[in-house]
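First the structure, in the form of structure tokens, and then the observations on it.
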């Protein structure tokens, strides 16, 4: 059972990482200034666009390679919660014909929350770095 659990977490981690990496990359390729302007138009500080895009790109890579998966996933939970509340909620679950709904954001939030809670150890760089290291109470870090 443990092996199936870890493989399913690996799948979630990699797919989520690729998805966020691509979303962040597109923000930079499309002109981050445009994204920053859009943030301003919806009442958010424009500098937040840079932070969001950076978290998506760097965090996406980190998830794919399995580095700080729980922390990165926690950040993605916050990003998706913010996107749902600030941008998508008014359009409804499936959208209103003029803008997309929050169904995809909710799925990404759930995936990130799952990894933030359970972690993902299979083929994770964290496991190579921390292999054999112990905590102060003498238990191995997993």
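Tabulated values for the structure
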{"read-out": "Number of the exception - residue 57 against (1) surrounded by fewer than 19 Cβ atoms within 10 Å (Cβ to Cβ); (2) in a helix (DSSP H, G or I); (3) at pLDDT 95 or above", "value": "(1)"}
{"read-out": "Where residue 44 falls short, out of the listed (1) assigned to a helix (DSSP H, G or I); (2) surrounded by 13 or more Cβ atoms within 10 Å (Cβ to Cβ); (3) over 17 Å from the mean Cα position of the chain (by Cα)", "value": "(1)"}
{"read-out": "Unique match (being free of Cβ contacts under 8 Å to residues at least 12 places away in the same chain and surrounded by 14 or more Cβ atoms within 10 Å (Cβ to Cβ)) among 124, 83, 91", "value": "91"}
{"read-out": "Selected residue [part of a helix (DSSP H, G or I), in contact (Cβ under 8 Å) with a residue 40 or more places away in the chain and either surrounded by 14 or more Cβ atoms within 10 Å (Cβ to Cβ) or within 18 Å of the chain's Cα centre (by Cα) (or both)] from 49, 116, 110, 36", "value": "116"}
{"read-out": "Any pair with Cβ under 9 angstrom, 6 or more apart, that starts in region 4-15 at a residue that is farther than 12 Å from residue 124 by Cβ and ends at one that is part of a helix (DSSP H, G or I)", "value": "5/118; 12/111; 12/112; 12/114; 12/115; 15/111"}
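The values are calculated or read from the model by the stated rules, or taken from the named source; none is laboratory data. Remember, predicted model here, so these are calculated numbers, not experimental data. For neighbour counting, all protein chains shown are included, and Cβ atoms are generated from backbone atoms with ideal geometry for every residue, glycine included.
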